[in-house]
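What follows is calculated from the coordinates using simple rules that are stated; it is not laboratory data. Fair warning: this is a prediction, and the values are worked out from it, not measured in the lab. Virtual Cβ from ideal backbone geometry, glycine too; neighbours counted across all protein chains shown.
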Amino acid sequence: MDITINLSKPEKDPRDIAKAGKAKKSGYPSCLLCKENEGYAGHISHPARQNHRIIPITLCGEQYNLQYSPYVYYNEQCIVFNDRHIPMKINKAVFAKLLDFVKQFPHYTVGSNADLPIVGGSILSHDHFQGGEYEFAMAKTPYETEISLK
């Protein structure tokens, strides 16, 4: 079993997450994930991101970016975010993108929060995944190759 405790940022209320996901953005950058955050000095309501750097990557023909997370749960935790500021949506294409990512970066694991505020998605307004160099306990567990139907 893997348990992580995030002490670096406060948890968000699901109602606030849902509201933020639907809100029109008029500021700059549009959200904490947008590529415009790279090197951004920040302001009173937007944290500084001067040390952020992004690496452009392509997933299933779409432009994404990889950056290392400011909220580290484990070694080399990264965020993979769409170049465009579009809402998160869990569909068949997401799984193809996740598989494309691990094909390009086989030493990393990657996943997605749900696109629902109640189950952990914190920034629903911007399509993104999270990953990094981490071996889950489940990967270390022995497994059987034959299943008995007795």
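Is the range 60-110 rounded, prolate or oblate when judged by the Cα gyration tensor, a ≥ b ≥ c being the square roots of its eigenvalues, rounded requiring a/c under 1.5 and prolate requiring a/b larger than b/c? Walk me through the intermediate numbers first.
Details: a/c = 1.86, a/b = 1.29, b/c = 1.44.
It is oblate, given that a/c is not under 1.5 and a/b is not larger than b/c.
Can you tell me the convex hull volume per residue for the range 78-150, based on C-alpha atoms, in Å³ to the nearest whole number?
On the way: hull volume 11.2 nm³, N = 73.
Looking at the range 78-150, the number lands at 153 Å³ per residue.
Considering only DSSP beta bridges with both partners in the range 20-150, what is the antiparallel share in %, to the nearest 5?
100 percent
Please give the peptides 45-56, 134-145, 91-102 ranked by average Cβ packing (other Cβ atoms within 10 Å per residue), highest first, as a rough proxy for protection. Before the final figure, lay out the partial values.
Details: 45-56: 12.4, 134-145: 8.3, 91-102: 14.4.
Ranked by mean Cβ neighbours within 10 Å, highest first: 91-102, 45-56, 134-145.
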